[in-house]
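The values are calculated or read from the model by the stated rules, or taken from the named source; none is laboratory data. Values in this document were obtained by computation on a predicted structure and should not be read as measured data. Positions of Cβ are backbone-derived with ideal geometry, glycine not excepted, and every protein chain shown enters the neighbour counts. In case anyone asks, the SASA skips ligands and DNA or RNA and just uses the protein heavy atoms, side chains included. Shrake-Rupley method; radii C 1.70, N 1.55, O 1.52, S 1.80 Å.
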Amino acid sequence: MTPIVFTRNRLVALLALTILGLFAFQLWYQAVRSSTTIDEPIHILAGHRYWQCSDFGINPEHPPLAKLVAAAALNFRAWIEPSWGCGSRMTPPDEGFVAARTFLTVNGMDGIVFSTRLAAASLSVLLAVLVFLAALEMFGRSEALTALALLAFEPNLIAHGALVTTDMALVATAFGAAYALYRFRIKPNVGNFLIISLALGLMLAAKHSAVIFVPVFFGLLVADVTLFHQGESRLGKQLLGQSAVFAGLICFGVIVLWAFYGFRYSAIPNASESTASAVDYFGASAHASVAKSLAAKAFSCVSYTRILPEAYLVGLADVMAMGSRKAFIFDRSYATGQWFYFPLAFLVKSSVALLLLLPLGLVLPVFNPEKRRAMMFLLVPPLVFFAVSLTSKLNIGVRHILPIYPFLIVAAAAGAVAFTRRVQFFRYVVFGLLLFHAATSLFRVAPHYLAFSNDFWGGVNKTHRVFPGDSNTEWGQNDKLVAEYLARENITDCWYAPYQYGDVLPAALSCRLLPGTFVSNQRLLEPIPPVIEGTVLLSTTVLPPRGSDNYLPIAQSKPIAQIGGSVFVYQGRFAIPLASSLSYVTRSEELTRLQHFEEAAADARRAIEIAPETPRPHLALGIALARLGRTAAARGELETAIRLMESNPALYRDADRRGRQELERLK
């Protein structure tokens, strides 16, 4: 029997496959152990409808690539479908979210979510392969293995790598497009031209923020021609030629984007005329001053030419018109996003290994002129993307800057290996750091990847101190772990204020529900008494600052346990009049949506009796009275609500806007 000879190439291949296998295992573990996050149901249903009848009228806010990949797992059996015909009309966002959760619950949530997550994870595995190949081609075997190890145990990439969302689709396709562009510049031939065209199209079909990379890639091409001028032709001629090439790349990339929409302009099939106006959507979603801006006029021109699919334009309008949301950083709430949010998120959420090795990658071009060309393709895209993020007013998670990670990981690996060649002892430091990196991910963080923060900031259980109200800590992922905790402790009498509630909660969760952050179904929840006792579980999002003071009497006591970094467990007797009032407000708002206005007004009045100095009960009563035609009384309640909201304008920003809109409507 011939013995196996482990040559260096075989050893590298074996190590790479082992690391890739561990990465895939962690993605599988994350898919199994975490509950359905709030955004996944609508992506799953939308992808299913895309396959079923090319109905892009549902969830047009996001391009289709990730949803199509994930929902491909659902094409092999029949399902109980939503009540309206597939592709019969545009689906309003709120209705789509409710229908998506119903679709999962009636068809078996765990089975659908797990299968679609595994399909979505294929994009993350593809990313790992691309990172290894790029590092191998640009630098060498040691750099490729180091980069793969950094990526495979980076908690942020594992956390989002198996979720049915658009974030990792952009990470994989943006890095793949940059790598393809590098290879095209090294060897400009028809094959590489087609590869970069396909990569650009996939990137555009992944997420609307991909458009940021388009001018960056053009700038890279111009810089590469200018700085690394080759051949006998003049620089100006080469720049003109490469500009024409890039225009061709974009044209082919847009064709690939059209292919994802079935080469059909209309968002829904068989439409005889336009079914959705990006311009109207932009105007309705944005502030009045923004709606009249040049951006709205640009959308009008693009919509008129029909050079992009209707659903894609509507989604792009949604991204641009969204404006901002409230931000929660440390113990403060901000009315809008802050420039320092993403730098802080990167420092808190990135692994220790990446943070320590990255500076070596950033300085590598200074000390190694031979690698400046490769480093330009690695550093320019993430640095520009990161710079753009500083202007963002939408601060809801590190996931929005995930595209910078693979670039910086390869750069960090290249810098680390280069330094080991200068200082021999440093190779042991790098090896030890990578072992610590792997052990942290496998044994200290799993399965709490979403709530991860590095050891400099205290780890998983301290993340909420920095980011108390966004997907850096809580995204609805820990409900399974909550159910397991209750079963393990034999707790059957309990109260739970979750991040999201309704049918998406595990069936084994027997707690009575307290007002949480998001309502996820149409079922009316029972109001709660002003005093409760027993075991109480609270999501960090219902605590101050995001949750105002509704549960402050509970939060002031010491929790007996913490679950997944985002759910706190308390025991005792607690007076919570604000939460009790909020429970009536929540039911009043739902009754108003169902057009049961008298009952809605009665619940709002009960909420005011319990907590007369809080604004939301007055807002709920004002809206219910307005629907009943009692204009004078409604105006008085709305004015009271707006006056009370002045005590905390950042916290009540959205409610204040809604109240002022209702007042304007009553004029």
Given Cα pairs under 8 Å that are at least 6 residues apart, what percent is the relative contact order of region 523-575? 44 percent
Using a Debye calculation, one point per C-alpha and no hydration shell, please list log10 I(q)/I(0) for region 86-191 at q = 0.11, 0.13, 0.15, 0.16 Å⁻¹ in order. -0.52, -0.65, -0.77, -0.83
How long are the three semi-axes of the equivalent ellipsoid of the chain, in whole Å, if each is the root of 5 times an eigenvalue of the C-alpha gyration tensor, listed from largest down? 44, 31, 23
Share of Cα-Cα pairs in region 431-541 beyond 25 Å, whole percent, is 32 percent
Output ³J(HN,Hα) for region 568-580: one whole-Hz value per residue in order, computed from phi by the Karplus curve 6.51 cos²θ - 1.76 cosθ + 1.60 with θ = phi - 60°, and x for Gly and Pro. 9, 10, 10, 9, x, 10, 9, 8, 10, x, 5, 5, 4
Roll a 1.4 Å probe over the protein heavy atoms and report the accessible area of HIS229 in Å², nearest 10. 80 Å²
Sparsely packed chymotrypsin sites (Phe, Trp or Tyr not before Pro) within region 152-253, loop by DSSP, other Cβ within 10 Å at most 16: PHE228
When the Cα centres of region 473-497 and region 402-437 are compared, how far apart do they sit, in Å? 39 Å
Length added when fully stretched, GLU533-SER557, from 0.36 nm per residue minus Cα-Cα: 7.3 nm
State the dimensionless ratio Rg/Rh of region 549-667 (Rg: radius of gyration of Cα atoms; Rh: Kirkwood radius). 1.06
Sorting THR305, THR473 on solvent-accessible surface, 1.4 Å probe, most exposed first, gives THR305, THR473
Heavy-atom accessible area with a 1.4 angstrom probe orders PHE597, PHE431, PHE574, most exposed first, as PHE431, PHE597, PHE574
Average silhouette area of region 613-667, convex hull of alpha-carbon atoms, in square nanometres: 3.2 nm²
Hypothetical label at ASN461: residues of region 429-449 whose amide nitrogen lies under 16 Å (7 Å Cα-Cβ projection): 444-449
State in Å² the accessible area per residue of the chain; use a 1.4 Å probe, count heavy atoms of protein chains only, and round to the nearest integer. 42 Å²
Quantify how much of the Cα-Cα distance distribution of region 1-134 extends past 19 Å, in percent. 56 percent
So what's the projected area for region 71-123, the Cα convex hull averaged over all directions, in nm²? 4.3 nm²
Could you rank ASP455, ASP94 by how accessible they are, 1.4 Å probe, largest area first? ASP94, ASP455
So what J values fall out for region 351-367 if you push phi through Karplus, 6.51 cos²θ - 1.76 cosθ + 1.60 with θ = phi - 60°, rounded to Hz, Gly and Pro as x? 5, 4, 4, 5, 5, 6, 8, 4, x, 5, x, 5, 9, 4, x, 6, 9
Would you tell me the accessible area of HIS437, worked out with a 1.4 angstrom probe on the heavy atoms of the protein chains, in Å² to the nearest 10? 10 Å²
Using each residue's phi in region 644-656, evaluate 6.51 cos²θ - 1.76 cosθ + 1.60 at θ = phi - 60° and report the 3J(HN,Hα) Karplus result to the nearest Hz, with x for Gly and Pro. 5, 5, 5, 5, 8, x, 5, 5, 9, 4, 5, 5, 4
Please report the carbon-and-sulfur percent of the accessible area for the chain; probe 1.4 Å, protein heavy atoms only, DNA, RNA and ligands left out. 61 percent
Computed accessible area, TRP79, all protein chains, 1.4 angstrom probe, square angstrom: 40 Å²
Straight-line reach from LYS67: which aspartates and glutamates fall under 12 Å, measuring Cα to Cα and dropping same-chain residues less than 8 apart? ASP39, GLU40, ASP167
Here, region 176-269 modelled as identical Cα point scatterers in vacuum has Debye log10 I(q)/I(0) at q = 0.18 Å⁻¹ of -0.80
Region 574-667: relative contact order from alpha carbon pairs under 8 Å, six or more residues apart, as a whole percent, is 23 percent
Any cysteines in the chain with zero other Cys Cβ atoms under 4.7 Å from their Cβ? List them, or say none. CYS251, CYS301
